Amino acid sequence: MSKSNQKVSRRQQILEALARMLEASPGARITTAALAKEVGVSEAALYRHFPSKSKMFEGLIEFIEETIFSRINLILSEETNALPRCENILYLLLTFTERNPGITRLLTGDALTGETDRLRVRVAQLFERIETQLKQVIREAELREGLRPNLPLSAAANLLIALVDGRITQFVRSEFKRAPTEHWQDQWQVVAAVLLREDAIDQ
């Protein structure tokens, strides 16, 4: 294995260990000493791959962004109708967090207390990007399907992201006992029934 591959592999090991520790100790702060012990290296070795703990968190946030937005693009390419698009995007967020409870603490800010503001801003921007994408999907519903939201466009997109955000926050607050997907199918049926209506034809 080349030195570059060894470096990538060690970086990956550090990030995976950090995610495990975030899951194993809900509400606890992760120290670099404990992380180094989990990985099986010295603290100095950690800092050869990441100059700070913030950069380690940033690496996990980058993983979240790459995973979520690549799958959103796939959803948009495979589905053309607005309601299934919205449903699939929201369900993607719920299942991703359910499968990755440790790094979900980053999305709620629970693990970022005392960390640099840049990380919280980046997480906020991630949710804003998803909300913007939902807004675009709802906007296109009127053009493609003759459907219009029962709320103002921005309010409709915000309702959807707030619903998912609340379920993710509940998941972390319950120390991962309340699954984000719990009752979701029933709840989505209610939301979908009132989200869009057929656009009235101008007389």
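Derivation of every value follows stated rules applied to the coordinates shown; laboratory data play no part. The structure displayed is predicted, hence computed values, not measured ones. Here the Cβ positions follow ideal geometry from the backbone for every residue, glycine too, while neighbour counts run over all protein chains shown.
With every atom except the alpha carbons ignored, what do you get for Rg and Dmax of the range 1-90, in angstroms?
Reported Rg and Dmax, both Å: 17.2, 52.
Calculate the spin-label point distance for A34 paired with S52, positioning each point 7 Å from the Cα along the beta-carbon direction, and give it in nanometres.
Using points 7 Å along Cα→Cβ, the separation is 2.1 nm.
Please report, ordered by residue number, every helix of the chain (full DSSP H runs) that is 18 Å or longer along its axis going by C-alpha atoms and whose mean Kyte-Doolittle hydropathy reaches -1.0.
3-24, 53-78, 82-99, 117-145, 153-173
What does the helix-only formula give at 222 nm for the chain: each DSSP H stretch with n ≥ 4 adding -39500 (n - 2.57), the total divided by the residues, and the result rounded to the nearest 500 deg cm²/dmol?
-24500 deg cm²/dmol
Which value in Å does the Kirkwood hydrodynamic radius of the range 16-55 take, with 1/r averaged over all unlike C-alpha pairs and then inverted?
10.3 Å
Name the GluC sites (Glu not before Pro) in the range 1-85 that are in a loop by DSSP and that have at most 16 other C-beta atoms within 10 Å, would you?
E79
Tell me the Kirkwood hydrodynamic radius of the chain in angstroms, computed as one over the mean inverse distance between distinct C-alpha pairs.
One decimal place: 18.6 Å for the Kirkwood radius.
So for the pair D199, E128, with labels modelled 7 Å out along Cα→Cβ, what separation do we get in nm?
2.8 nm
Provide, for the chain, the number of lysine pairs with alpha carbons under 23 Å apart, each pair being eight or more places apart or on different chains.
Close lysine pairs under the 23 Å cut-off: 8.
With charges set only on the Cβ (+1 for Lys and Arg, -1 for Asp and Glu), what does the dipole of the chain come to about its Cα centre, in debye to the nearest 20?
It comes to approximately 1060 debye.
Taking amide H atoms as placed 1.01 Å from N in the peptide plane, list the residues 5 or more away in sequence, or in a different chain, whose amide H sits under 5 Å from that of L196.
Long-range HN contacts for L196: N150.
What residue among L163, Y47, F176 has its Cα farthest toward the positive end of the dipole of the chain, where the charges are +1 on Lys, Arg and -1 on Asp, Glu, each on the Cβ?
Y47
For a quick check: with amide H placed at 1.01 Å from N, whose amide H comes under 5 Å from L147's, ignoring anything fewer than 5 positions away on the same chain?
Amide H to amide H, under 5 Å and 5 or more residues apart or across chains, L147 pairs with E142, D199.
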